[in-house]
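Below: the structure, in structure tokens.
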Amino acid sequence: MLAPALHILSLGGPVVWVLTLFSIVALTVALVKLAQFWSMRDGGDAVVKQAISHFANGEHSQALVLVKGRRAPRAHLIAQALQLIDQGKLHGDALSQEVMRQARQVISDLGRYLRILEVIATVAPLLGLLGTVLGMIEAFQAMEAAGEQVNPAVLSGGIWVALLTTAVGLGVAIPVSLVHSWLERRVEFQAGVIQNDLEHLLSLDTARSTAAVDAKSHLKLA
């Protein structure tokens, strides 16, 4: 396997070496992101829903115990929001803005390095095409230099070697594009569920605060 790969690299020239480097970078980024998403398994739907349910029932400590210390972004953000609510320093819009600010930071971290995959998926086929154009130029220059002694076998050999870079470029770009699209969709999904969780929690806190204020008003009137 190694010998044919090295032979292709030697035939393709610098462009294929650059594309090979791109593929290594893309693979590294993909593995890092997959590991990041794998680590999020400890704070799934069940844990977050249970925590919010406890909070809705007034069981704040039980809710915090469920999510505190978990690495998953959803559970981590719920834990931070619960701690802010329990501290009582922020209320209303100020609390909502702080919770959403923390959420934006986490979502930004989830999308980190995806731009690299997008650039590689875009540039790889263009590099392959550039390599083909350069190879074709060399092939036709050789044909011109040979004059009437042109050997069709040599010409066709030069052309297929030139086309090799386009094939390699597409071979890099297609899987990278698919992986980028899948990871991007995962980030969008996580962003949506995180926003939904936090808005649900904040609405429960607002309802609880309103109920407490109404109860105090009734006591004063009584």
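The table that follows gives values for the structure above.
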| item | result |
| --- | --- |
| In sequence order, calculated HN-Hα J values of region 111-122 (Karplus, 6.51, -1.76, 1.60; Hz; x Gly/Pro) | x, 5, 6, 5, 4, 4, 5, 4, 5, 4, 4, 7 |
| Order by protection proxy (mean Cβ within 10 Å, highest first), peptides 110-117, 186-193 | 110-117, 186-193 |
| Simple spin-label estimate for Thr28 and Val65 in nanometres, 7 Å along Cα-Cβ | 4.5 nm |
| Förster radius 45 Å - calculated FRET efficiency between Gln97 and Met136 (Cβ-Cβ, nearest 0.05) | 0.15 |
| Which of His180, His60 has the fewest Cβ neighbours within 10 Å, and the rest in rising order | His60, His180 |
| Segment Val106-Leu178, length gained on full extension (0.36 nm per residue, minus Cα span) | 23.5 nm |
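Each value in this text was obtained by applying a stated rule to the coordinates, not by laboratory testing. Source: prediction; values computed, not measured. Cβ: placed from backbone, ideal geometry, glycine included. Neighbour counts: every protein chain shown.
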